[in-house]
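Chemist: Just dropping this structure here.
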Amino acid sequence: MLQRLTSGHVVWEAKEGACGSLSPDVIKKLSKWSQKRIYSKEAGGLILGFVDSETNGLLAEELTVPGPGDQRSRTSFFRSERHQREAEYWNMQTNCKGTQLGLWHTHPEANPTPSGTDLSDCERVLRNGRFDCNGLLYLIVGTQTIGCWHAQVGRPLYLLGHFKP
Ligand SMILES: [Zn+2]
């Protein structure tokens, strides 16, 4: 389930109580990378933020974005190790409170769905256990909507919904 609040936040809830939000700033940053033009390349990175102490909600507030080391084409994006280092730096900057909450990338399609490569990348990230939280947020930015999924080890991605940024 996805809901847009009047504050501009998008809140989501998965089965079994996993929940979270995307800040208006994160939504703005994501839509900036949307592949609106015929020559736009895929983009991607990590979703950073905080875990709410009361609800365990994933509060997405920041992103890592394409840069040195990444490989980008019209239909693929390879995330370099630099994103991991930036997530560690973000953790330091936030007195060890900020953490990585998930993955994002773009697709040159209106209402995006994960490819086979996406599913195996997500599975690999879940299994190497760099995420503190129980499951991660998986976002794909399309040309019209942003698709949101909740991912947990050994389970199929759970679709939370698509929203217009
Ligand atoms: Zn993809």
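Chemist: Check H150, H162 and return the single one that is more than 13 Å from the ligand (Cβ to nearest atom), open to solvent by 70 Å² or more (accessible area, probe 1.4 Å) and either among the small types (G, A, S) or in contact (Cβ under 8 Å) with a residue 40 or more places away in the chain (or both).
Modeler: H162 is the lone residue from the list that is more than 13 Å from the ligand (Cβ to nearest atom), open to solvent by 70 Å² or more (accessible area, probe 1.4 Å) and either among the small types (G, A, S) or in contact (Cβ under 8 Å) with a residue 40 or more places away in the chain (or both).
Chemist: Sticking with this one: I'm checking my understanding of the structure. Among residues of the range 82-116 that are more than 16 Å from the chain's Cα centre (by Cα) and under 27 Å from T143 (Cα atoms), which one is farthest from the ligand (Cβ to nearest atom)?
Modeler: Among them, the one singled out is R82.
Chemist: Do the conditions hold for E123, that is, is it within 16 Å of the ligand (Cβ to nearest atom), at negative phi, outside any loop (DSSP other than H, G, I, E, B) and open to solvent by 20 Å² or more (accessible area, probe 1.4 Å)?
Modeler: Judged against the criteria, E123 is a match.
Chemist: Can you tell me which of S53, S80 is modelled with pLDDT under 95 and surrounded by fewer than 22 Cβ atoms within 10 Å (Cβ to Cβ)?
Modeler: Just one listed residue meets the conditions, S53.
The values are calculated or read from the model by the stated rules, or taken from the named source; none is laboratory data. Computed from a predicted structure; not experimentally measured. Don't worry about glycine lacking a Cβ; one is built from the backbone with ideal geometry, like all the others, and counts go over all protein chains shown. We work out accessible area using only protein heavy atoms, side chains counted, and drop any ligands, DNA or RNA first. Shrake-Rupley method; radii C 1.70, N 1.55, O 1.52, S 1.80 Å.
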